[in-house]
Amino acid sequence: MTLVEISNLCLWSAVAVYALAFIAFTFDLARRSAEVTAALDAAERAQLETAEERVGVLANASSTTVSPIITNDGVARGKTRRPADDDGVEQPAARRSPSLRIGVALTVIAFLLHLVADVTRGIAAGRVPWANMYEFAMTGTLLIVAVFLVVITRVDLRFLGTFVIGLVTVLLGLATANFYVEVVPLPPALQSAWLVVHVFVASLGTAFFAIGFALSVVQLMQGRRERKLGVVRSAQPAGRFRFLLTLPNAERLENLAYRVNIIGFIFWTFTLMAGAIWAERAWGRYWGWDTKEVWTFIIWVIFAGYIHARATRGWRGSRAATLAIVGFSAVMFNFVVVNVFFKGLHAYSGL
Amino acid sequence: MSRPSDHIDSAAPAPADGINQPKLGFVGWLRFLWRQLTSMRTALFLLLMLAIAAVPGSLVPQRSSDPNGVTQYFTDNPDLAPILDKVQMFDVYSSAWFSAIYILLFVSLIGCVIPRTKHHWLALRSKPPRTPARLSRLSAFERRSDDSGATAEALIDDATRQLKRQGYRVERFDAAGSASVSAERGFLRETGNLVFHSALVGILVTVGFGGGFGFSGQRVLVEGQTFVNTLLDYDSFNPGRFFNESELAPYKLTLDEFGVTYETQNLDAYGQAIDYRANVTATSPDGDSTEATIKVNDPLRFAGTDVYLLGNGYAPTITVRNPAGDVVFSDSIPFLPQDAQLTSLGIVKVPDGLAEQLGMIGFFYPTQAANEPPFFSSYPDLAYPVLILNVYSGDLGINAGVPKSVYALDVDDMKQLTGGDTGVDSIELTPGQITDLPNGLGTVSFDNVAANPSTENYAGSVKRFASFDVHHDPTQLWVLTFAILALSGLITSLFVARRRVWVKATTGADGTVALEYAGLARGEDPGLEAAVAAIAEAHIPTPVPTEPEGRITP
């Protein structure tokens with residue numbers, strides 16, 4: 001087998017294992033929903049005095065935060081002691097559900113396959129594996145998973161697996177099916193050290209924005225649920241997406257999304273500047289409103305807006321989250337639509 | 001007031017009380033408008049407007065980056081294009097509406113940055129605030145006690161030293177029975193914020209005004225040709241507003257040879273160019289010569305200008321003789337590449353020396369691969385070069401002195417003599433061949449310029465040309481400096497935590513000292529609680545770890 005064949009085989013295997021990991025993560029969310037339903041039924045049947053006890057039992061049995069259910073949703077408002085850390089993301093590993101653990105394990109396996117695919121592609125090509133759309137998609141998604149795996153060792157965001165790994169599976173599958181190109185040598189325009197720096201940092205920025213995007217989506221769902229609850233004031237939580245009750249509250253999600261997104265923003269700023277330096281060397285001007293430059297600028301401005309929104313009264317919360325989602329959508333648009341359909345100097349899709 | 005009133009860290013607005021406001025005078029209105037303009041909400045709105053306004057420039061070709069695309073757009077959309085042109089859609093980034101947005105944004109930015117700078121300057125010189133009475137009400141709070149016999153003052157001395165080492169500014173507040181230290185850190189956060197925004201203003205000003213001092217010029221050179229860095233010798237020239245012709249250093253640049261390496265091993269990329277080399281000789285105005293190679297990512301920095309290699313192609317050498325055999329035209333004409341296999345299109349104009357003015361539209365195929373027309377090229381190097389010429393006679397339209405593009409032939413006043421519907425075959429030549437022009441006008445030859453011309457090996461039989469961009473931009477380094485300042489400012493403003501910390505020691509009745517540690521975040525500060533816990537731990541270590549196993553500190 002040639003290196004390229006090994007790379008392709010590993011990549012398709014990685015896609016398959018990511019898909020399995022996605023299923024496992026989804027099972028975990030379904031299980032959370034089921035447990036919430038059961039706990040609420042139990043709480044409804046019982047007197048409010050005993051609710052605390054049942055919740056205690058539930059908290060022991062379940063993976064992450066059941067305690068915030070109580071404090072957030074008034075099932076037993078005022079009856080439970082607020083846990084020391086009400087974020088609910090700092091639970092001992094022992095309580096994680098089997099499906100969640102399988103999901104993480106499969107993600108690690110898929111990541112390793114993905115890494116081998118990426119490295120062998122680079123060796124086969126004799127250069128960095130991010131010189132066309134296919135390779136960029138491969139390395140970019142690899143970095144999304146890498147960032148995700150690093151982040152969950154520091155903050156328990158395993159529940160994001162469904163969103164992040166789902167996104168990666170779709171992106172990688174589509175890119176492999178549609179953008180695949182054989183290994184070809186670099187055209188003279190790409191023969192520069194800036195290819196290594198500029199494109200890699202762009203992928204890294206994209207990876208952080210992707211995690212921020214997933215967090216912002218969950219934040220919006222959580223925020224909607226919390227607002228509904230505030231209006232109705234009923235003991236019965238919103239019917240759909242009951243697993244949300246086991247996740248951190250919207251404010252906590254927003255803080256996490258912000259921290260991830262500002263790292264992405266810094267990488268994006270660097271990408272913009274490194275790109276300008278490279279453009280000066282290759283095209284004789286550091287900025288010329290090429291279509292790709294325009295969209296990189298637009299994305300930068302959107303995320304600058306996001307950071308300002310976080311600091312503007314009335315914009316923190318759902319509106320800021322919407323901006324982060326719009327920003328990541330623009331990143332995807334910049335990658336797919338601008339590369340494939342727009343005319344410009346960044347004509348390196350290889351398609 | 002340092003921050004805009006709608007900043008999240010500013011005090012919440014007082015609820016509307018329904019009392020009639022006093023009537024605003026002219027100055028009052030100005031102040032009101034200024035407040036609005038410098039508010040966070042306006043800045044945010046302008047940022048989003050800027051993002052949206054930048055979009056059309058990627059959908060419609062722009063004169064600045066793609067002038068040919070604009071011409072094509074006018075041809076393809078004759079009804080729509082003039083309307084778009086009226087609203088400056090082909091010059092989005094210099095349009096009135098785009099400029100209005102970013103100028104307003106920067107005015108808003110400056111209006112926000114100046115008062116904040118003033119406030120920050122004062123804050124840098126003020127002392128940390130007095131220790132609050134009830135520290136336990138703050139979000140980050142730790143408690144310890146000390147029964148070693150040390151006095152409250154001594155313990156606070158320790159804490160003060162410890163905080164100072166960590167970069168806090170400290171101030172002691174002692175009272176009877178208790179001692180405390182108030183500490184503050186993270187002023188770099190606001191400094192970074194202000195540096196970032198000021199650097200953006202710097203970039204805008206440098207680009208806006210400084211850009212006017214530079215120039216850019218384009219020149220096509222065929223192998224062997226020399227160009228002198230003077231206004232006349234450029235094919236096209238774009239001076240900045242404040243550019244002065246005398247600034248051009250009259251150096252010479254000769255294209256000695258243009259080399260291309262094609263991929264021949266990898267069948268997936270067979271014939272793909274993997275290296276372009278323009279070997280040039282640059283001669284300074286003083287007469288010092290240096291040889292250099294200009295490559296795509298490797299410009300020549302010479303005599304205050306940067307010379308970039310932008311394009312290349314073939315320049316067939318064509319000679320036209322009159323019926324008597326005298327040469328009336330002989331030149332290497334740059335043909336513009338039309339595809340990856342370098343099928344090239346060029347125009348030959350013979351204004352003098354023949355019975356009629358002559359124009360020829362030429363197609364050049366470096367490796368002609370078809371048995372019969374339509375011809376095509378299958379490889380970009382010279383394996384079987386063929387030149388096809390369609391001849392026109394009549395008025396070239398250049399006598400009136402109106403400048404005409406050398407890359408286009410206006411055939412309105414000309415008669416086609418070969419090719420097309422004329423029934424006469426187009427002229428077809430390989431290097432070294434000569435043939436008669438129609439109507440007994442004379443002869444045309446496609447000259448083989450190789451050192452040893454041969455029909456077996458056409459390598460080097462046709463000259464190549466390279467197109468160069470010559471730039472001079474005195475502000476580039478300034479823009480880079482501001483960009484680096486902006487990036488460092490940004491990193492500082494997003495990651496340095498600004499916080500206040502207090503440590504208070506109170507001596508109890510039994511002689512033990514109760515210690516309280518509290519922190520207050522000023523702005524984003526996810527690590528506050530951990531920081532306060534660490535300060536307490538370093539000050540009075542707890543004998544048994546109280547943190548549960550597996551606790552993860554964000």
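Values quoted throughout were computed directly from the atomic coordinates according to the rules given, and no laboratory measurement underlies them. Keep in mind it's a predicted model, so treat the numbers as computed, not measured. Note: ideal-geometry Cβ built from the backbone for every residue, glycine included; neighbour counts use all protein chains shown.
Quick notes on this structure:
- Take B:259-270, A:179-190 and order them by the average number of nearby Cβ atoms within 10 Å per residue, most first; the result is A:179-190, B:259-270.
- The aspartates and glutamates whose alpha-carbon is closer than 18 Å to the alpha-carbon of B:LYS118, local same-chain residues fewer than 8 away aside, are B:ASP9, B:GLU190.
- Normalised by the number of residues in the stretch B:167-243, the average gap of Cα pairs under 8 Å and 6 or more apart makes the relative contact order 23 percent.
- Extending 7 Å from Cα along the Cβ direction at B:TRP97 and again at B:ILE484 yields two label points whose distance is 4.0 nm.
- Here the simple spin-label model places points 7 Å from the Cα toward Cβ, and for B:ARG31 and B:LEU122 these points are separated by 1.6 nm.
- Per-residue shielding of B:46-53, expressed as the average number of other chain Cβ atoms within 10 Å of the residue Cβ, stands at 6.
- Overall, the stretch A:137-245 carries a charge dipole of about 820 debye about its Cα centre when +1 sits on the Cβ of Lys and Arg and -1 on the Cβ of Asp and Glu, all other atoms neutral.
- Listed residue (B:ALA12, B:LEU105, B:TYR93) projecting farthest to the positive dipole end of the stretch B:1-157, Cβ model: B:ALA12
- Within chain B, longest stretch free of exposed trypsin sites (Lys or Arg not before Pro) [DSSP loop, at most 10 other beta carbons within 10 Å]: B:242-554
- Under the convention that each Lys and Arg Cβ holds +1 and each Asp and Glu Cβ holds -1, the size of the dipole of the stretch B:128-277 around its Cα centre is about 1180 debye.
- Mean separation of Cα contacts under 8 Å (6+ apart) over length of the stretch B:478-522, as relative contact order %: 34 percent
- In summary, the lysines within cross-link reach of B:LYS415, defined as a Cα separation below 21 angstrom excluding same-chain residues under 8 places away, comprise B:LYS349, B:LYS404.
- Full extension of the chain between B:PHE242 and B:ASN399 gives 53.1 nm of extra length, using 0.36 nm per residue less the Cα-Cα distance.
- For the protein assembly as shown, a simple Cβ point-charge model (Lys and Arg +1, Asp and Glu -1, everything else neutral) yields a dipole of about 5620 debye relative to the Cα centre.
- For chain B: relative contact order, % (alpha-carbon pairs under 8 angstrom, 6 or more apart): 17 percent
- Rounded tilt (10° steps) of B:96-125 against the dominant C-alpha axis of chain B: 30 degrees
- Listed residues B:VAL220, B:GLY259, B:ASN238: farthest to the positive end of the dipole of the stretch B:190-269 (Cβ charges): B:ASN238
- Peptide A:184-195 shows a mean partner chain C-beta count of 5 within 10 Å per residue C-beta.
- C-alpha center-to-center spacing [the stretch B:18-82, the stretch B:273-299] in angstrom: 44 Å
- Label-point gap, in nm, between A:SER13 and B:SER136 - each point 7 angstrom along Cα→Cβ: 6.0 nm
- Helical runs (DSSP H, four residues minimum) scored at -39500 (n - 2.57) apiece and divided by the length of the protein assembly as shown put the mean residue ellipticity at 222 nm at -14500 deg cm²/dmol.
- As a calculated quantity, the FRET efficiency between A:ARG227 and A:GLU44 at R0 = 30 Å, using C-beta atoms, amounts to about 0.85.
- B:ASP510-B:PHE187 FRET efficiency (beta carbon distance; Förster radius 30 Å; 0.05 resolution): 0.15
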